[in-house]
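The values are calculated or read from the model by the stated rules, or taken from the named source; none is laboratory data. None of the values given here were measured: they were computed from a predicted structure. Positions of Cβ are generated from backbone atoms using ideal geometry, with glycine treated the same way; all protein chains shown enter the neighbour counts. Areas reflect the complete protein model, heavy atoms only, side chains present, ligands, DNA and RNA absent. Shrake-Rupley method; radii C 1.70, N 1.55, O 1.52, S 1.80 Å.
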Amino acid sequence: MPQPTANTPRTTSRRRLRTTAVTLALGAAMFTAGAVGLSPQNSGQSTGQDTGRAGSTGAGQSPGAARVSSLTSMRKQLERLPQDAVGWAQLGMAYVQQGRVTADAATYTKAESALRRSLDIQPADNYQAQTGMGALAAARHEFTTALSWGRKATVSNPANAAAQAVLADAYTQLGRYQESYSAVQRMVDLRPDTSSLARASYTWELRGDIPQARALMKRALDDAAGPGDQAFTHLHLATLAQDSGDPRTALREARSGLRATPHDAALLEARARANAALGDNRQAVDDYSAAVAIAPLPQYVVGLGELHQSLGHRAQADTQYALMRTQEQLRRAGGVAPDVDDVLFEADHGDARRAVALGRAALRNRPFIAVQDAYAWALHRAGRDDEALPYANRALALGTRSALSFYHRGTIQQALGHRTSARADLERALAVDPHFHPLFAPEARDALRRIDSAS
């Protein structure tokens, strides 16, 4: 089995190989996919998710202002050089990035227009535009299409690491993990920098090897070229710590990242989660609110709503849930396929039968472990526990240490009357992270008490 090891010697010359497209690829696929749900699941997640810290944002300048400035410069350049195929490809990738950060799916239309203009000008061997099309497809959660573009880009330029990144992320989200590990290793061999080392870290996180994942992410931090890359790695070190039940380390990493990029929504969310776990709910609400104000992404909106709900703030929670429904309608109108956040939100705060339908649709596009978990939970909420259990098992088949997935499977086991298995999973969820969810961590403790009282 390929094991990304990041053992290629570091070089200084590789920095000169960077292009805008390459830099923007940091997170544009892996963390677009949200692998994020798992952390960099959140990636995609969220998966996984990239927040515009592509290395060009300086300290004290908001990412939004930097993006607008960069887009304006690119458009002016293309007015002077309208036949610049690379320039159109870079503009398209910048729009992909903007769409991800602002949660404005309409921006993807601009991205596609720019990327296709590049391909019209240079139809053959245009790996920059092909890579951009792959990142765009991933942002729209069309991973089969992303894989197709990634293959084209790697054929056009086998030595381009960003193209390998698109390929690796598509394989991951399509559940073809061995092929994704191989692609990540090729990326590390080509360019052992922050982007490739972060992906190598994620391959180990998926398999539950948190120490190795942390070690590689620290190497990614050591290799970070600027404030944006440093913030990116601090975010994922914070997430690794938070999801391992270490909120103090998570808080320290989030604060370190925010010193470089104080307006980074993902880091504000990471600080919110750490503060909530440490009992500072007022600061947690403030941080979540700031993240939503910058980028109303589903995970921030639902996170703030569920924190309010756990604190008994029903009206504030309902406000966030209404915003989530509005966002979901806009994403569907923009052609974005349903994903983990949509399925779990509908299962927990909406119609369980609709959650099942969304989960089934999401699974067709993305048979990734986080989607398997969300679909299992939707089936459970709909009272279909016999059907749910195989999907819950697949969600944990790689060895991933996900407290939420253990909680979901434990609850399904409990509903099926499998008390021993339920106890093991619920205890494992709380052992991995005692504060894994503001609503479900307390419910896990209650469920264990009910199991004990029935024994």
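Key figures
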quantity: Where a residue in region 130-157 is of a type in the set (K, R) and its partner, wherever it lies, is surrounded by fewer than 22 Cβ atoms within 10 Å (Cβ to Cβ), with Cβ under 6 Å and at least six apart; calculated: R140/V336
quantity: Among residues of region 415-455, those that are crowded, with 22+ Cβ neighbours inside 10 Å and either touching a strand residue (DSSP E or B) at 6+ places or on another chain (Cβ under 9 Å) or of a type outside the set (A, V, I, L, M, F, W, C) (or both), counted; calculated: 2
quantity: Close pairs (7 angstrom Cβ cut-off, 6 or more residues apart or separate chains): farther than 23 Å from E142 by Cα in region 367-389, of a type in the set (D, E, K, R) and open to solvent by 20 Å² or more (accessible area, probe 1.4 Å) anywhere; calculated: L379/E387; A382/R353
quantity: Extreme residue, nearest to the chain's Cα centre (by Cα), among residues of region 102-126 that are crowded, with 24+ Cβ neighbours inside 10 Å and part of a helix (DSSP H, G or I); calculated: A111
quantity: Flag for Q90 being closer than 17 Å to A163 by Cα, in contact with a Lys or Arg (Cβ under 9 Å, 6 or more places away or on another chain) and buried (at least 21 other Cβ atoms within 10 Å of the Cβ); calculated: no
quantity: Residue match in region 417-424 (condition: among the aliphatic types (A, V, I, L, M) and either more than 18 Å from Q372 (Cβ to Cβ) or at pLDDT below 95 (or both)); calculated: yes
quantity: Helices (runs of 4 or more DSSP H) enclosed by region 148-247 - at least 2 residues per element that are within 15 Å of the chain's Cα centre (by Cα) and surrounded by 24 or more Cβ atoms within 10 Å (Cβ to Cβ); calculated: 161-173, 194-206, 227-242
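Results for (1) crowded, with 23+ Cβ neighbours inside 10 Å; (2) aliphatic (A, V, I, L, M), shown as yes or no for each residue.
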| position | (1), (2) |
| --- | --- |
| P262 | no, no |
| A277 | no, yes |
| D280 | no, no |
| A295 | yes, yes |
